[in-house]
Amino acid sequence: MRLYNKPAHELHDLLAKKEISSVELTKDVLARLDETENKIQAYIDVTRETALQEAEKADKKIAAGEAISYFEGIPGAIKDNICTKGVKTTCASRMLENFVPPYNATVMEKLQAERPVILGKANMDEFAMGGSTENSAFHPTHNPWNADCVPGGSSGGSAAAVAAGSAIWALGSDTGGSIRQPASFCGVVGMKPTYGRVSRYGLVAFASSLDQIGPLTRDVTDCAHLLQTIAGNDKYDSTSSASEVPDYTISLVEDVKGLKIGIPKEFFVKGMDAEVETAVRDAIRKLESLGANVQEISLPHTEYAISVYYLIAPAEAATNLERYDGVSYGARVDGVDVVDMMTKTRSEKFGEEVKRRILIGNYALSAGYYDAYYLKALKVRRLIKEDYDKAFGQVDVIVTPTAPTPAYKIGEMSNDPLKMYLQDIYTVPLNLAGLPGISLPCGYSSQKLPIGLQIIGKPLDEATVLRTAYTYEQSQSFHKEMAEVKA
């Protein structure tokens with residue numbers, strides 16, 4: 001019996017009943033990884049031996065009759081910008097090619113307390129800068145539904161692993177859609193929590209006011225449980241929320257009766273793929289038939305979101321990436337003097353997209369341009385947040401497409417960065433406003449590529465987002481379908 005195609009909650013029950021063992025499960029997922037990895041390339045590093053040791057520990061505990069936690073003994077993957085003690089964390093960059101963190105990110109501490117099986121580090125766009133996982137310094141990742149297509153990014157390795165069955169669950173990070181967009185492209189569930197709901201300590205920084213760690217899973221049930229595991233205040237992260245974490249599993253009920261759903265007219269515009277619009281509108285009608293009240297709303301500053309994001313995010317990135325100078329840690333390329341050494345190190349070890357964003361960021365922050373670009377972007381960011389505040393005075397959740405198109409071909413947008421940036425049009429406003437959002441599958445294109453539905457909630461109201469997503473998911477069968485990857 002193959003086990004890689006089952007969600008964590010089913011596997012947990014099988015483990016608890018002693019119908020399967022964690023070693024059996026881990027070997028099956030590793031076998032699936034071996035079957036698919038040459039085609040998908042979801043991982044940077046696979047920690048095979050450690051994974052099997054963790055599985056053996058889980059089995060000993062089960063054999064002793066002890067209770068196990070939800071993810072105990074269940075294999076998953078970690079995006080390679082989340083620090084893992086003793087395991088390389090490269091951010092898919094030559095700059096950190098040999099960096100082994102001496103400490104764990106807070107989310108890793110929380111996860112390891114649950115004793116899951118960690119299979120390894122998932123591929124990503126370098127320093128999380130990109131929307132296709134083509135910008136990895138090591139290799140691109142391919143979409144399990146069609147290996148000629150991108151899996152999305154920057155958490156493309158995490159999403160592809162879950163979709164292919166080479167991980168049951170995964171962690172990603174989301175700065176402008178980097179969990180939700182790959183979830184949409186790969187037909188899995190991905191959630192960006194409210195900014196501050198999950199600690200960023202140990203997440204290698206891209207844009208500190210936008211970054212957030214979140215789950216990628218097969219279904220909404222596993223998503224709620226994984227969020228439960230990693231959420232909470234952290235003394236090491238001054239931006240983490242002090243608000244109490246509710247029991248998200250209580251939200252796993254089929255009930256949207258009387259729920260007010262807002263549909264922003266600015267999100268359904270010219271340029272959206274017709275099949276995406278059809279699938280999303282069908283999903284909205286389904287929610288309405290289940291008892292939700294649907295109404296059109298306006299988010300008038302949406303058109304400025306991409307411009308604002310691509311000023312603020314590169315500005316923060318340029319500042320965060322100053323530390324990679326060949327001195328303290330990371331790669332070093334020797335030079336005739338310290339300036340030459342730093343210049344060569346940064347020129348040779350950063351990829352093209354990272355260098356592009358550093359240049360944009362430094363330009364936006366430079367004397368004479370700060371007020372015209374960066375400061376103005378901050379002001380418009382506030383207006384975007386106020387749009388959502390006003391909308392949430394009328395509705396409980398907002399429903400939109402996750403991405404304007406299904407997955408596109410590898411290489412299709414490589415020479416047109418602006419076109420690729422526009423793929424983030426539906427996801428970046430949430431990061432700018434700090435809101436929670438989830439993507440879950442709502443259909444397929446004529447090419448059998450997944451289409452994602454995005455559900456947006458009020459700050460710290462992940463519970464209502466999860467309830468809405470769960471209700472829709474249970475009315476469909478998309479979460480039960482997996483990509484067929486042929487070796």
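None of the figures in this text is laboratory data; all of them are computed from the coordinates on show. For clarity, every value in this text was computed on a predicted model and none was experimentally measured. Cβ atoms come from the backbone with ideal geometry, glycine included; neighbour counts cover every protein chain shown.
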Elements of type helices (runs of 4 or more DSSP H) in segment 322-428, at least 2 residues being in contact with a Pro (Cβ under 8 Å, 6 or more places away or on another chain): 352-365, 376-391
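I need the full set of residues from segment 360-375 which are in contact (Cβ under 8 Å) with a residue 40 or more places away in the chain and either surrounded by fewer than 16 Cβ atoms within 10 Å (Cβ to Cβ) or of a type outside the set (Gly, Ala, Ser) (or both), in order please.
First, pick out the residues of segment 360-375 that are in contact (Cβ under 8 Å) with a residue 40 or more places away in the chain: 360-362, 364-365, 373-374.
Within segment 360-375, ILE360, ASN362, LEU365, TYR373, TYR374 meet the criteria.
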Is there any pair linking a residue in segment 122-148 that is more than 23 Å from PRO75 (Cβ to Cβ) to one that is outside any loop (DSSP other than H, G, I, E, B) and among the basic types (Lys, Arg), with Cβ under 7 Å and at least six apart or on different chains, and which? MET129/ARG357; ALA137/ARG94; ASP148/LYS409
Looking only at segment 19-32, how many residues end up being among the small types (Gly, Ala, Ser) and surrounded by fewer than 24 Cβ atoms within 10 Å (Cβ to Cβ)? 2
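Looking at SER243, is it part of a loop (DSSP other than H, G, I, E, B) and under 23 Å from TYR103 (Cβ atoms)? Reasoning before the result, please.
On the way: part of a loop (DSSP other than H, G, I, E, B): yes; under 23 Å from TYR103 (Cβ atoms): no.
No.
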Would you check if GLY443 is surrounded by 18 or more Cβ atoms within 10 Å (Cβ to Cβ), at positive phi and in contact with a Phe, Trp or Tyr (Cβ under 8 Å, 6 or more places away or on another chain)? yes
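Can you find a residue in segment 33-41 that is of a type outside the set (A, V, I, L, M, F, W, C), crowded, with 17+ Cβ neighbours inside 10 Å and more than 22 Å from the chain's Cα centre (by Cα)? If you could, list the steps in order and put the result at the bottom.
Step one: filter segment 33-41 for residues of a type outside the set (A, V, I, L, M, F, W, C), giving 34-39, 41.
Remaining after also requiring crowded, with 17+ Cβ neighbours inside 10 Å: 35-37, 41.
Applying the additional criterion that residues be more than 22 Å from the chain's Cα centre (by Cα) yields 35.
Yes, that holds for at least one residue.
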Looking only at residues in segment 299-333 that are closer than 15 Å to ARG382 by Cα and surrounded by fewer than 20 Cβ atoms within 10 Å (Cβ to Cβ), which one is farthest from the chain's Cα centre (by Cα)? PRO300
If a residue has to be within 16 Å of ASN5 (Cβ to Cβ) and part of a loop (DSSP other than H, G, I, E, B) to count, how many in segment 137-173 make the cut? 6
Segment 44-76, subset among the charged types (D, E, K, R) and outside any helix (DSSP H, G or I), residue nearest to LYS18 (Cα to Cα): GLU66
